[in-house]
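Colleague: I have a structure I would like to understand better, so I am pasting it below and will then ask my questions one at a time.
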Amino acid sequence: MKNDNCIFCKIANGEIPSKTLYEDEKYRVILDLGPAAKGHALILPKDHYANLYELPEEACGDVMKLAKKMAKHMTEKLHCDGFNLVQNNGECAGQTVFHFHMHLIPRYKEDGQNINWKPGNPSSEELEEVRKEICE
Ligand code: AMP
Ligand code: ZN
């Protein structure tokens, strides 16, 4: 299940070299070429799934377990002060490479980065409308 036009398929399967931190039969973890902070890495499945919607449930568990393992190891080695997991789906959500990936971003007190959003301020009624839209 590879996509011939997908750069992350090629990287994950070793056809294009990368700075690999970890590899097994199904996944490769690489350093991001445009890091938000020192050690910013990406978990790539070796099979092609465009996004979270396409990712099989079993792989969701694998990715989260691998994220935890990598976060622990990287925190010990890099002495970072915190850690973000980021996973974008769709252009409007910031996805630029359409092969599922999980960002592993070590954070440092003085890194000057801002992985954040502008909080809204909905009323209880507005929140209830949203809850109904999702749940009913
Ligand atoms: P996203 O915006 O969530 O789709 O993230 C794509 C990420 O892939 C960005 O952080 C890019 O810096 C990174 N990236 C793009 N091309 C490469 C590449 N060839 N090797 C490593 N990282 C890459
Ligand atoms: Zn791909």
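Every number here is computed from the coordinates shown, using simple stated rules; none is lab data. On a predicted model such as this, the values are computed, not experimentally measured, just so you know. Glycine also receives a Cβ, built like all others from the backbone with ideal geometry; neighbour counts cover every protein chain displayed.
Colleague: Between residue 110 and residue 19, what's the calculated FRET efficiency when r is the beta-carbon distance and R0 is 22 Å? Round to 0.05.
Modeller: That gives a FRET efficiency of 0.40.
Colleague: Within the range 54-136, which chymotrypsin sites (Phe, Trp or Tyr not before Pro) sit in a loop by DSSP and count at most 13 neighbouring Cβ atoms inside 10 Å?
Modeller: Taking the range 54-136 and a limit of 13 other Cβ atoms within 10 Å, the loop chymotrypsin sites (Phe, Trp or Tyr not before Pro) found are 117.
Colleague: Can you give the relative contact order of the range 55-136 as a percent, counting alpha carbon pairs under 8 Å and 6+ residues apart?
Modeller: 25 percent
Colleague: Still on this model: If a/c stays under 1.5 just call it rounded; otherwise compare a/b with b/c (prolate if a/b is bigger, oblate if not). Do that for the range 37-101, with a ≥ b ≥ c from the square roots of the Cα gyration tensor eigenvalues.
Modeller: Since a/c reaches 1.5 but b/c is at least a/b, the shape of the range 37-101 is classed as oblate.
Colleague: What shape does the range 29-72 have by the C-alpha gyration tensor, where a ≥ b ≥ c are the square roots of the eigenvalues, rounded means a/c under 1.5, and otherwise prolate means a/b greater than b/c and oblate the rest?
Modeller: Values: a/c = 2.69, a/b = 1.51, b/c = 1.78.
Oblate, because a/c is 1.5 or more while a/b does not exceed b/c.
Colleague: Based on the Cβ-Cβ distance from residue 97 to residue 73, what FRET efficiency comes out when R0 is 22 Å, to the nearest 0.05?
Modeller: Efficiency at R0 = 22 Å is approximately 0.35.
Colleague: Looking at the range 38-136, which trypsin sites (Lys or Arg not before Pro) are in a loop (DSSP not H, G, I, E or B) and have at most 15 other Cβ atoms within 10 Å? Present the calculation step by step, with values, prior to reporting the outcome.
Modeller: Working: sites: 38, 46, 65, 68, 69, 72, 77, 107, 109, 131, 132; in loops: 38, 46, 109.
Filter output for the range 38-136: 38, 109.
Colleague: Rounded to the nearest 20 Debye, what is the dipole magnitude of the range 65-136 about its Cα centre when Lys and Arg each give +1 and Asp and Glu each give -1 at the C-beta? Write out the running numbers ahead of the final one.
Modeller: On the way: 10 positive and 11 negative charges, 138 e Å.
Roughly 660 debye for the range 65-136.
Colleague: Continuing with this model, one more query. Please identify the cysteines of the chain that lack any partner cysteine with a Cβ under 4.7 Å from their own Cβ.
Modeller: 60, 80, 92, 135
Colleague: A further question follows. Which value in deg cm²/dmol, rounded to the nearest 500, describes the helix-derived mean residue ellipticity at 222 nm for the chain, given -39,500 (n - 2.57) per DSSP H run of n ≥ 4 and division by the residue count?
Modeller: About -9500 deg cm²/dmol.
Colleague: Then there is this: Viscosity 1.567 mPa s, temperature 4 °C: what is the translational diffusion coefficient of the chain from Stokes-Einstein with a Kirkwood Rh over Cα pairs, rounded to a whole number of µm²/s?
Modeller: 78 µm²/s
Colleague: Counting Lys and Arg as +1 and Asp and Glu as -1, what is the net charge of the other residues whose Cβ lies under 14 Å from the Cβ of residue 134? Don't skip to the end; give the middle numbers.
Modeller: Details: positive: 131, 132; negative: 126, 128, 129, 133, 136.
Within the 14 Å Cβ shell, the charges total -3.
Colleague: Could you tell me which residue out of 82, 48, 124 lies farthest along the dipole of the chain toward its positive end? Charges go on the beta carbon: Lys and Arg +1, Asp and Glu -1, centred on the Cα centre.
Modeller: 82
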